[in-house]
Amino acid sequence: MAKSRFWFQAHWLIGITIGVLLALMGLTGAMMSFQDPILAALNADARTVEAKGERLTMPALYARAQTEAQRLGASVRTMTVPGASDGAVRVLFLTGPSETVRYLNPYTGDWLSGGARGEKFFEIVEEVHRGLITDRLAGEYVGRRIIDIAAILLVAMVATGLYLRWPRRTTNWRAWFVIDRKLRGRGFLYSMHAVIGTYVLPLLLLSALTGLYFAYAWYGDMLKWMAGMPPAVEEQMKGKPFVAPDVEKVWVSFEQATGSQALGDIAVRFPKKEEEPLRIQYLLADAPHATAVNTIKIDPTDSQILSHERYAEKQTGARLIASMLSIHKGGYFGLVGTIALMLSSLALPLFMVTGWMMYLDRRKVEERARKRQAATAAA
């Protein structure tokens, strides 16, 4: 009994202290589940072009982006060329801490108007989800550290909840998976809280454990070590200065590395500080899914290839590491996985509400019991 009460107190304490925070994380996470298709639908008119003639080469597109960056007083961070012939090129500009997204016609080199409708909204949602927006307000990582600790406590909360949930008769499946609608008050709240928790327990664990990959370097390094992945190629960039890459030579290296393969989406991430390689991620035209990404890292000082990671050659563990964000959002498992992770995220606000209702009801019952005892003692 004492052991059960200890775990109950631990579960209760975590829920009372960070319940609101976990509910906020769940709500914002659910909002981002279908971010990409929502943005694509909102900006369909500005992200599609008429496929006419030959596309401009990447060096020519980069030259157009550089001219626009000088006009904006910004720098080019990423350029994404879609595999679809009627897709516009997405260019992300950095101006200090802020970002600007523009879309470029790959056939004419003209800038398209719009295309970023709704991106600011999801940018703020992501900032709240990752760091309570303190990075934008104060330039610090206090909020991120709080979120990271909350993810660890979510794992503890799931573990204690499972312990408290364990029924006396484990073979009684109704006790696990069916809400007892005959109950009333706190009994019904507990049944709903526990049964829904049973359904989403593995999904919440998945969200928390994959989220920690982006929170702590030591955790990510541990997973990579377990997956048998070699050290990051950034170690080869030690002491290298920051230089503007020669995109002509970079693209020659990229084309030599990919040969005659039919390619899909290509995303180029340009370095913004010293010791950072230029990174090109691409999909093959026949890629099995959107996370089957191949990565080429290039030294911007001499345009030489540092590494070429092919998805098809990776072991299972390395493939999972490469798809960590997609796993975290559920997209790795297709539409069903995305919906399941979204619903599990939405369960966190429900747990907060039902948990607080049970807590307050318990307080009322205990207060009435104390009053009865006091009245009895006085009599």
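The values are calculated or read from the model by the stated rules, or taken from the named source; none is laboratory data. Note that the structure is a prediction, hence the values are computed from the model and not measured. Methodologically, a virtual Cβ is constructed for each residue, glycine included, from the backbone with ideal geometry; neighbour enumeration extends over all protein chains shown. Side chains included, ligands, DNA and RNA excluded: accessible areas come from the protein's heavy atoms. Shrake-Rupley method; radii C 1.70, N 1.55, O 1.52, S 1.80 Å.
Take Tyr216 and decide whether it is touching a strand residue (DSSP E or B) at 6+ places or on another chain (Cβ under 7 Å) and among the hydroxyl-bearing types (Ser, Thr, Tyr). Answer is no for this residue. Kindly establish whether Gln236 is closer than 13 Å to Ile305 by Cβ, open to solvent by 50 Å² or more (accessible area, probe 1.4 Å) and touching a Leu at 6+ places or on another chain (Cβ under 8 Å). Judged against the criteria, Gln236 is a match.
Of the listed requirements (1) crowded, with 19+ Cβ neighbours inside 10 Å; (2) assigned to a loop (DSSP other than H, G, I, E, B), Gly19 misses just one: (2).
Could you check, for the stretch 146-167, whether at least one of its residues is at pLDDT 85 or above, more than 20 Å from Gly26 (Cα to Cα) and surrounded by 15 or more Cβ atoms within 10 Å (Cβ to Cβ)? The answer is no, given that none of the residues of the stretch 146-167 is at pLDDT 85 or above, more than 20 Å from Gly26 (Cα to Cα) and surrounded by 15 or more Cβ atoms within 10 Å (Cβ to Cβ). The set of residues from the stretch 96-133 being surrounded by 17 or more Cβ atoms within 10 Å (Cβ to Cβ), touching a helix residue (DSSP H, G or I) at 6+ places or on another chain (Cβ under 9 Å) and part of a loop (DSSP other than H, G, I, E, B) comprises Pro106, Ala116, Leu132.
Restricting the stretch 245-260 to residues that are surrounded by fewer than 12 Cβ atoms within 10 Å (Cβ to Cβ) and either of a type in the set (Phe, Trp, Tyr) or in a loop (DSSP other than H, G, I, E, B) (or both), the residue that is modelled with the highest pLDDT is Gly259. Residue check: Gly197 meets all listed conditions (1) in contact (Cβ under 8 Å) with a residue 12 or more places away in the chain; (2) of a type outside the set (Val, Ile, Thr); (3) closer than 22 Å to Val293 by Cβ but one, namely (3). Pull up the stretch 22-36, narrow it to residues that are over 11 Å from the mean Cα position of the chain (by Cα) and closer than 13 Å to Ala208 by Cβ, then point me to the one that is most open to solvent (accessible area, probe 1.4 Å). Step by step, filter the stretch 22-36, then rank; the result is Met25. One residue is enough: does the stretch 297-318 have a residue meeting the conditions under 20 Å from the mean Cα position of the chain (by Cα) and touching a residue at least 24 places away in the same chain (Cβ under 8 Å)? Checking the stretch 297-318: at least one residue is under 20 Å from the mean Cα position of the chain (by Cα) and touching a residue at least 24 places away in the same chain (Cβ under 8 Å).
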